[in-house]
Amino acid sequence: MVTLDLKDLAKYPFLKESQTYIGAISSSLEHYLESTGGRVAIREAMLMLEHALSFSGKETPSIPEIPPEKEAVMTIIATYPVSRIMVSCAQDRMLIERLVRYQAWVVFAFLQDEEPEIKRFIRRSIGLPETGMDISVIDYIPVASRMAEERWRLVNRVVEKGKVRIRPEEYDEIVRERLRYIMSRNLPLKVPSRICDQVKPAIERIKAEWQKKVLEEFGQVEESAFPPCMQAILGALTGHGHLTHMARFAVTAFLHNIGMDNTRIIELYGSVPNFDLRKTLYQVEHISGRGGTSNEYISPLCATMRTHGICVHPDSICSRVTHPLSYYKLKKRDLNKQKYQKQVKDPDESMKKRVESEGDQSDTNTPDCIPSSTDNKYKDEKST
């Protein structure tokens, strides 16, 4: 039997023991959020979300300090549910994914120097075997699908009697991604509107930070940086081809996620046979969170694209990422680097092109932007 102290509850706030403890500090969530401790928890949740937005997911984050004071520990534990309430009220799937990724990685950081009995307890609490070095294929697949390295692919693992062999040094990673999967699956929460109203100022600030982050990450929409799967789907769109429901969802969510305006997305569907403006408008606004539900969707993972047969013509960048948005960021960064190197190599030619571009009043030379089907000119995309 494992005995958890307050420090353990603060390190692993997702445990039911942690939530039971924090649930006893107030008669209701509404009263707690109005209290001094609740306001502090909201502030700490905002800081956590800011860390989550800037976290790359490529290296282990620094371990947060756990203070000795009981009130401070209670605030740390409360920050976990409050942050989940906030992203649930925000109804932004990408924000949810950033939060759960960061929270799972923080747990991973704590696990590196954790006692064996605590590790076994945590494994059991999230549905993994306490001992042994294998897990069921059913549990393994949703975990491994989020990992980019080739070693996690099922074809590269030892599988016996429906169990996937895991090396001892890999198990903390499995715990991290299993926890991330569970956290993500359980969000968004159904939060009463009165609770959302209490955290609304904090949500608005986080949304503003997120929009700023999206602009920094994606900037102007560049079709040349699209992953092969999205290029193929767009090619089918403009070529009057048939698209599955998943393909339509994937490309619509992708274009919205990188900042394309809904009007421009709808225009792309204009050449599809039996185009219905009313239905297309409804679908696009529903996916982008502007159709009344406020539930904004993120484009599917590469593993999901493969499952539905719409991962086509993968290239060298595809092998390095697990999501089309990650591909887009990497490719766009490479393209910008190439443009910069070309300008440095031939500054006179770059200046000449710039002068010619500025002298063109019609603003027609933006080859990397998707054109509007209702306008003969190319226009710069504005990130939302």
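The values are calculated or read from the model by the stated rules, or taken from the named source; none is laboratory data. Since this is a predicted model, take the numbers as computed values, not measurements. Backbone-built Cβ (ideal geometry, glycine too); neighbour counts: all protein chains shown.
Checking GLY259 against (1) in contact (Cβ under 8 Å) with a residue 60 or more places away in the chain; (2) of a type outside the set (Phe, Trp, Tyr); (3) outside any loop (DSSP other than H, G, I, E, B), which test does it fail? Just one mismatch for GLY259, condition (3). You will find that of SER83, SER88, the residue that is under 26 Å from HIS323 (Cα atoms), assigned by TED's automatic domain parsing to the domain that holds LYS200 and in contact with a Cys (Cβ under 9 Å, 6 or more places away or on another chain) is SER88 and no other. The number of residues in segment 62-82 that are in contact (Cβ under 8 Å) with a residue 24 or more places away in the chain and either over 15 Å from TYR12 (Cβ atoms) or among the charged types (D, E, K, R) (or both) comes to 5. Does TYR181 qualify as being of a type in the set (Phe, Trp, Tyr), within 22 Å of ASP139 (Cα to Cα) and more than 21 Å from the chain's Cα centre (by Cα)? No, not satisfied.
Could you tell me whether any residue of segment 69-92 is out of contact with any Pro (no Cβ under 9 Å at 6 or more places or on another chain), farther than 16 Å from PRO201 by Cβ and basic (Lys, Arg)? Taking every residue of segment 69-92 in turn, at least one turns out to be out of contact with any Pro (no Cβ under 9 Å at 6 or more places or on another chain), farther than 16 Å from PRO201 by Cβ and basic (Lys, Arg). Within the span defined as segment 131-141, every residue fails to be in the same structural domain as THR60 (by TED's automatic domain parsing) and farther than 20 Å from ARG185 by Cβ. Within segment 114-127, the residues that satisfy the criterion of being part of a loop (DSSP other than H, G, I, E, B) and out of contact with any Lys or Arg (no Cβ under 6 Å at 6 or more places or on another chain) are GLU114, GLU115, GLY127. For the residues ALA104, ALA78, ALA41, ALA109, the requirement of being surrounded by fewer than 22 Cβ atoms within 10 Å (Cβ to Cβ), of a type in the set (A, V, I, L, M) and part of a helix (DSSP H, G or I) singles out ALA109. Selection of segment 2-24 for residues being surrounded by 15 or more Cβ atoms within 10 Å (Cβ to Cβ), outside any helix (DSSP H, G or I) and over 22 Å from the mean Cα position of the chain (by Cα) yields LEU4, LEU15.
When segment 149-163 is limited to residues that are free of Cβ contacts under 8 Å to residues at least 60 places away in the same chain and outside any loop (DSSP other than H, G, I, E, B), the one that is farthest from the chain's Cα centre (by Cα) turns out to be GLU160. Considering only residues that are without any contact (Cβ under 8 Å) to a residue 60 or more places away in the chain and outside any loop (DSSP other than H, G, I, E, B), which ones fall in segment 44-59? Within segment 44-59, GLU44, LEU47, MET48, HIS51, ALA52 meet the criteria.
Does ARG194 count as part of a loop (DSSP other than H, G, I, E, B), touching a residue at least 12 places away in the same chain (Cβ under 8 Å) and not polar (S, T, N, Q)?
Answer is no for this residue.
Return yes or no: is PHE254 assigned by TED's automatic domain parsing to the domain that holds LYS331 and either surrounded by fewer than 17 Cβ atoms within 10 Å (Cβ to Cβ) or not in a helix (DSSP H, G or I) (or both)? Criteria not met by PHE254.
For every residue, the table says whether it meets (1) surrounded by fewer than 17 Cβ atoms within 10 Å (Cβ to Cβ); (2) in the same structural domain as LEU301 (by TED's automatic domain parsing); (3) closer than 30 Å to GLN19 by Cβ.
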site: GLU115; (1), (2), (3): yes, no, yes
site: GLU149; (1), (2), (3): yes, no, no
site: LYS163; (1), (2), (3): no, no, no
site: TYR171; (1), (2), (3): no, no, yes
